[in-house]
Structure formats: C-alpha cells, structure tokens
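Participant: Can you keep this structure in mind? I'll have questions shortly.
The values are calculated or read from the model by the stated rules, or taken from the named source; none is laboratory data. This one's a predicted model, so the numbers in the text were calculated from it and none came from an experiment. We place every Cβ from the backbone using ideal geometry, glycine too, and count neighbours over all the protein chains shown.
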C-alpha cells in the first residue's frame, strides 16, 4: 500500500520502516494513534549549524516547489541536505512529502498525522520534529492545530526555527503560522458575515502559539481571491486592533491566493511566487466594531503583491499601499486593486517652527520627547493642534518656561476619543497632569517655574481611549 502511493525505490530497510503507527505517550493502542510515514533516508542528517530561519506561507494546501526550494537552500546554506516533517490533522496519504522528497537537498520527509490534542505530547512525534530542519503544516482544520498550543509539540516546532531551520504551511497550515490565528473553531466565516458583525460567533482567534521573528502582529488568511476573503480579513484586522491582540495598536493581515506562496527569509523579506498576495494594515481603532452591529473602519492600507514582488516584514513599508474602507458593513468597491501611494518620504518635524507664529499643527512622528515638535520659538498665547491617530498615540511639544513664569495648557478634546495631558520637566518627569474621564472631555493643567533660569518643558497629549482624525486644540499661555 505504501509503495503504491510512493513509487520511488527505497532500500529494504527503509521500506520496512516507512509506515509506523505510534501510540501516544500514556495512551493505549486502542485509542487514537499517530500515523508516521517516512520517505527517503531512514537516518537523520547530523550537522551542528544551519543558515535559516526560512518560511513558506501558502494560499492553499499544496507545496509550491519554487518557495520550498528557496527554503531548503536557505536553511542548508546551499550545501548538504535537510530532514523535513509534514504535520497533518487528518488523512492517510502523503501528498506533501511526495513532492518534497525528490527535491534537491532533501534527506528525508516524514508525514505525521495527529488526530487528537494529546498527540502533541507524543514522544516519537517530538523526536521527529526536533530532528528536522523544516516543519510544514498541511491543509485541513486549523482548529485541530491550535489544540497543540501548550503541548511539547509547540516548543519542538519553535526549536526548529531557533536552530536555523524553518516552518511553513498551506491553507489551515498557513493560518496557524501567524501571530494571531483565525481558528474557525465554532464555524467558518465569510466576508459578508464578518463585515455585518465582526463579533459573530464564527470569528474566533487563538493567540500565543507561534510568533516568528519579523512576523509579529499578523493574522493570515488563505484561498484569498478565489473565495473573496478580503472583507473577512479586514474584519480580522479590525478585531485584532480593537481587542488589543497586537502591540502598538496596529495589525497586519496577510492574505495569500490559491497557488501562491510567500517565501520569507531570515531577514524578514517576503517574496511572492504565484498569482497574488495582499498585506492589509489597520493602524487605528475601528470607528465602529461592536457585537451585533456592522463594521465601520476607514482607510485600510493594502499592499498588493504579484509574482516576484517583495514585502519587508522587518522594515514594514510606509508607502506603496492603496486605501479601502468599510462603512456600516459595506466595503469600498474593487477591494483587490487600487492606485498606490508612491511617496515614501517621511516628513521630518521642524526643529524650530517659524518664530512669531501663534499657531502650530503637529508634525509626525512626535511620539517621544526626543522627537517632540519644538514650539519654543513661537508667539504666545500659542494654539497647537493634532489628533490621536490610534489609541496608543502620544504627541509631544517642547517649549521653554522662564523663572517665575506660569505655563497653562487648556485643551479642547473632540468627541471621537478621550485624551489626557501631562506637563513634563526637562527630564521627562510629570510635574502636573489633567486626566478627566470621558470622550470629548476637555483637559487643563498649569505649572509655575520656581527655580532660576529658563528650562525646557513638554506638553504630552496622550490617547486614553478611542482614536480618530478629529483634531484636539490646545492653547498654551505664559504669564
């Protein structure tokens, strides 16, 4: 039966050992078992150093030989060979290893079919994985895969990446390799369902399983254009931001089309092979994302990749995207194409705004004291304006206060968010603050410099909750 699935000629020893059924540790043979099918050499490669990590992210379950070859060559550094493990949650065939085993640089390929959560602690499974240099998660049901979170298997897969190996996956296997996993454990959702209610029961997520270097704050999706999944990936991204599942108030969705694959090298540079892939950035809080109501989210930033194009996950680009929005559950037209923003320049905050002016509009980035907009040369009373672009935004303004002088900051806050203000000394310590509760609640704080001489102080405007493009206005007076 094994030879009919795999017509390659194996040694008698390898053929006899190729198909093994292994009872999980602590489980009797009458219960669920792991099926182990090894192709190629029966002995693992012995080598002390590898040149990865490398990753393949496939839009459908099958192996894409172009990116698989790239991963193999990257891991082995162009010489020698590697052992590969394919992990599946169901099935009896070995389609992935049938493609992988003949590739140059492959010593062996072992298919492990795990049918229960406890199989993640199977001793033979974890030995095979730790001895491998590449682990590929097959298509199937990602809800089965996330059940291995917290088992020995999770740590074993992570050890492969840590030693310079790699991981990959297709379809469900693509999902499980993102930072935030759409697990579909209650039902599989569609774009229409997800946009109509981003908290529908079909939108469930698992976090804390794998976080690969350079790939943080991501949520993957597969079969992307064929099954029209842009809308649901937008909902996934909005949920990730709204629920605080990411750092920095931003989330990136990675949608890969059927027959396409992203190869990601150890430096975080992804190169596409195949039809298309999309990276969807949500960099602010949703305007409306609550249970039972349609999603509203403005200006998703979308990068479209075609074969041969790249996306740098280590240094994520600030241009090259097109914009699409969702309003009350209705997305913009032509979600899969748009006119990209091509100006990649980053505005530099002026170190000295024009003197004599009595108004100033913030210039990003001004999210730290070292990047503060310097307004010390302006005329007072001075009006400064800005907005809280995300729920973690901070805006800093630097100014000077002379001995005996009283500085007052009075800020009008729009109803889109709740913002607080802090007046800081030159070392960044809080002198005074105003932290009134409620979106649209104004803030006011004052300080008087008692020490001699003139010193630098900072106005720090911080988002407490909510975000938006509506401007706050702060009036600064010195008396």
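Participant: When you scan the stretch 415-433, do you find a residue that is within 14 Å of residue 472 (Cα to Cα), over 34 Å from the mean Cα position of the chain (by Cα) and in the same structural domain as residue 371 (by TED's automatic domain parsing), even just one?
Facilitator: No: zero hits.
Participant: Only one residue in 439, 398, 445 is under 34 Å from the mean Cα position of the chain (by Cα) and assigned to a strand (DSSP E or B), so which one is that?
Facilitator: 398
Participant: Just checking, does the stretch 235-243 include any residue being buried (at least 24 other Cβ atoms within 10 Å of the Cβ), in contact with a helix residue (DSSP H, G or I) (Cβ under 7 Å, 6 or more places away or on another chain) and in the same structural domain as residue 180 (by TED's automatic domain parsing)?
Facilitator: Among the residues of the stretch 235-243, at least one is buried (at least 24 other Cβ atoms within 10 Å of the Cβ), in contact with a helix residue (DSSP H, G or I) (Cβ under 7 Å, 6 or more places away or on another chain) and in the same structural domain as residue 180 (by TED's automatic domain parsing), which makes the answer yes.
Participant: Looking at 222, 247 in this structure, which one is modelled with pLDDT of 95 or more and either in the same structural domain as residue 71 (by TED's automatic domain parsing) or under 20 Å from residue 388 (Cα atoms) (or both)?
Facilitator: 222
Participant: Same structure, new question: Within the stretch 269-284, track down each residue that is crowded, with 17+ Cβ neighbours inside 10 Å, more than 14 Å from residue 59 (Cβ to Cβ) and in contact with a strand residue (DSSP E or B) (Cβ under 6 Å, 6 or more places away or on another chain).
Facilitator: 271, 280, 281, 282
Participant: Taking the condition surrounded by fewer than 23 Cβ atoms within 10 Å (Cβ to Cβ), modelled with pLDDT of 95 or more, part of a helix (DSSP H, G or I) and touching a strand residue (DSSP E or B) at 6+ places or on another chain (Cβ under 7 Å), does residue 157 pass?
Facilitator: No: the conditions fail for residue 157.
Participant: Answer yes if at least one residue in the stretch 24-32 is modelled with pLDDT of 95 or more, surrounded by fewer than 21 Cβ atoms within 10 Å (Cβ to Cβ) and either within 31 Å of the chain's Cα centre (by Cα) or over 30 Å from residue 256 (Cα atoms) (or both), and no otherwise.
Facilitator: The answer is no; no qualifying residue exists.
Participant: Return the residue satisfying two criteria in turn: it lies in the stretch 61-96 and is in contact with a strand residue (DSSP E or B) (Cβ under 7 Å, 6 or more places away or on another chain), at pLDDT 95 or above and assigned to a loop (DSSP other than H, G, I, E, B), and of such residues it is surrounded by the most Cβ atoms within 10 Å (Cβ to Cβ).
Facilitator: 64
Participant: Please indicate, with yes or no, whether at least one residue in the stretch 127-137 is at pLDDT below 95 and within 30 Å of the chain's Cα centre (by Cα).
Facilitator: no
Participant: Residues of the stretch 386-395 being assigned to a strand (DSSP E or B) and surrounded by fewer than 21 Cβ atoms within 10 Å (Cβ to Cβ), which ones?
Facilitator: 394
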